[in-house]
Amino acid sequence: MEGRGEAGEEEEEEDLGGLRITPQLLKASTGEFALESILLLRLRGRGIAHLGCLGDCTSLEWLDLSGNAITQLGPLAALKSLAVLNLSRNRVSSLEPLGSCHNLQSLNVAGNLLSSLQQLRCLAGLRRLESLRLRDPLARLANPLCAAPAYRAALADMFPGLKAIDGERVSGRGSELYQLCRDLDSSLGRGGGAGAGAEPPRVAQPWVEAGFWEPRPPRRSSIMEEAYKQFGEVLQECRELSRRADDTIAQAERALNSRPDPNSYVF
């Protein structure tokens, strides 16, 4: 009965035009012979409807399943090493299996069927989750829950560890860098208060004095001056020696040319 159920499920997926992930598909896509050896997997826009044996890729760290027809995420619960997951443009309405992916740091589910913030409660135990995307304006992707007013603020309260929501830095407790910059702005605000916003902006002052970057004439030390002087004197001596050598060679050539040719004597 169970075998018939699985066969029937596969036939139904085929009728719907969906694709099931198989070991053959994974090996052909990655070149790996063992599913446990796959660390990075990109199956974007393949028409995948069922995750099949994807749970056997237990070492998987980076997974892109965007642009498919996925509805159920069950096999992903086995991926304990998964850090980056892209599920944008699918048909997901429940993220429950992802609650077991304790190493997950970045999750993109823009363009799915998530209709309530309560459907995200299952991610509350993911202590390493830093980036969550439910909406992508550039790609015109969203979820029904994004229509709720101030849903990003609600997410920031629900997940205080988040540093980015929908690709934008969180302006709450989830961003230590944002808080640090905010504290710096406050400390440089000359007292803050209600009148601080009316203070006209100050002209930025240069960090260095005028002309600091202008090239300066080279400076010679006394040691360099003495070295140049000695080099000039040695060069003059070399020229004098060269002149004397030329004179000596010329005198020798004249002496040789003035000697009588032995072949000129007649006996």
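For the range 121-154, a residue qualifies if it is farther than 29 Å from K80 by Cα, in a loop (DSSP other than H, G, I, E, B) and open to solvent by 50 Å² or more (accessible area, probe 1.4 Å), and the qualifying residues are P137, L138, A139, R140, P149, A150. Condition test on S100, is it surrounded by fewer than 20 Cβ atoms within 10 Å (Cβ to Cβ) and either within 17 Å of F159 (Cα to Cα) or free of Cβ contacts under 8 Å to residues at least 12 places away in the same chain (or both)? Answer is yes for this residue. Inside the range 49-79, residues that are closer than 12 Å to E36 by Cβ and open to solvent by 10 Å² or more (accessible area, probe 1.4 Å) make up a count of 6. Inspection of the range 170-181 finds a residue satisfying the criterion of being modelled with pLDDT of 60 or more, under 28 Å from the mean Cα position of the chain (by Cα) and surrounded by 10 or more Cβ atoms within 10 Å (Cβ to Cβ).
Got at least one residue in the range 61-81 being in contact with an Asp or Glu (Cβ under 7 Å, 6 or more places away or on another chain) and closer than 21 Å to T30 by Cβ? Before the answer, list the steps.
The first filter runs over the range 61-81 and keeps only residues in contact with an Asp or Glu (Cβ under 7 Å, 6 or more places away or on another chain), leaving 81.
Next, only the ones that are closer than 21 Å to T30 by Cβ stay: 81.
Yes: one or more hits.
The values are calculated or read from the model by the stated rules, or taken from the named source; none is laboratory data. Note that this is a predicted model, so its numbers are computed, not measured. FYI the Cβ positions are ideal-geometry reconstructions off the backbone, even for glycines, and counts take in every protein chain you see. All accessible areas refer to the heavy atoms of the entire protein, side chains included, with ligands and DNA or RNA removed. Shrake-Rupley method; radii C 1.70, N 1.55, O 1.52, S 1.80 Å.
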